[in-house]
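Asks: Sharing a structure below in structure tokens format, with a few things to ask.
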């Protein structure tokens, strides 16, 4: 009897028996594929979000189970992306949950060969000290002809594509207040 079941399970026989000659329906299903359930069916809730990677602002549906992101897909209700996501947007789950994600501040001293971990407060103090000292050392009150400039050319800012428009706006305001004129953002379409 086992041999009969084995022969009956052959895809070619199932195609003929189930009137599925192209094997596009039930004949193509294996016992394992019949048991598969979409990841989104197990989600406890769905959160509407915006992709963090560029300035387009594609809509995302984020599926959450036990406080963890289980799946991310495009939001069909978004007038911007209409349910579509680029590969970076589709992979943004790893932005939050990748085992390779750095969660500690890393610092490599000048001429150093290894990274060391720093406390966030220590790193922030180092950044502030360097900005204040560089600004003071490179401040230009004016040109030689007397035209006022009130700027520093010793500091530049390059924003990242994972910043949203609001964050970029605030960074631009901060840089302007510091007298930094070399401000750019690498979020390009």
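Each reported figure results from applying straightforward, stated rules to the coordinates on display, with no laboratory input. Worth saying up front: this structure is predicted, and the values here are computed from it rather than measured. For neighbour counting, all protein chains shown are included, and Cβ atoms are generated from backbone atoms with ideal geometry for every residue, glycine included.
Asks: Which order do the peptides 106-114, 13-21, 71-79 take when ranked by the mean count of other beta-carbon atoms within 10 Å per residue, highest first? Don't skip to the answer; put the middle values down first.
Replies: Numbers: 106-114: 8.1, 13-21: 13.1, 71-79: 16.3.
My ranking of the peptides, most packed first, is 71-79, 13-21, 106-114.
Asks: For region 44-189, give the share of DSSP beta bridges that are antiparallel, in percent and rounded to the nearest 5; count only bridges with both residues there.
Replies: 80 percent
Asks: When only C-alpha pairs under 8 Å and at least 6 residues apart count, what is the relative contact order of the chain, in percent?
Replies: With pairs under 8 Å counted, the relative contact order is 14 percent.
Asks: Cα centroids of region 97-169 and region 24-87: how far apart, whole angstrom?
Replies: 37 Å
Asks: Using Cα pairs closer than 8 Å and at least 6 residues apart in sequence, work out the relative contact order for region 1-83, in percent.
Replies: This gives 17 percent for region 1-83.
Asks: Can you tell me the orientation of helix 120-138 relative to the chain, as the angle in degrees between its alpha-carbon axis and the longest Cα principal axis, to the nearest 10?
Replies: That works out to roughly 40 degrees.
Asks: Give the relative contact order (percent, whole number) for region 39-97; include only Cα pairs under 8 Å separated by 6+ residues.
Replies: Reported relative contact order: 28 percent.
Asks: Also, quick follow-up: Using 0.36 nm times the number of residues separating residue 101 and residue 86, minus their current alpha carbon distance, what extension gain do you get?
Replies: Computed gain between residue 101 and residue 86 is 3.3 nm.
Asks: Let me ask another. Using alpha carbons only, how many degrees (0 to 90, rounded to 10) separate the axis of helix 165-178 from the longest principal axis of the chain?
Replies: 10 degrees
Asks: Right, next: Before rounding to the nearest 500, sum -39500 (n - 2.57) across all DSSP H runs of length at least 4 in the chain and divide by the residue total; then give [θ] at 222 nm in deg cm²/dmol.
Replies: It comes out at -9000 deg cm²/dmol, rounded to the nearest 500.
Asks: A further question follows. How much length is gained if the chain between residue 29 and residue 158 is pulled fully straight, taking 0.36 nm per residue apart and subtracting their Cα-Cα distance, in nm to one decimal?
Replies: Value of the extension gain: 41.3 nm.
Asks: Quote to one decimal, in nm, the extra length available between residue 39 and residue 140 on full extension: 0.36 nm per residue of separation minus the C-alpha distance between them.
Replies: Net length gain for the segment: 30.6 nm.
Asks: So, one more: Residue 127 to residue 169: FRET efficiency via 1/(1 + (r/R0)^6), r the Cβ-Cβ distance, R0 25 Å, to the nearest 0.05? Write down the numbers at each step before the final one.
Replies: Working: r = 20 Å, r/R0 = 0.82.
Result of the calculation: an efficiency of 0.75.
Asks: Of all the C-alpha pairs in the chain, what % are more than 28 Å from each other? Don't skip to the end; give the middle numbers.
Replies: Working: 10244 of 17766 pairs.
For the chain, the fraction of Cα-Cα distances above 28 Å is 58 percent.
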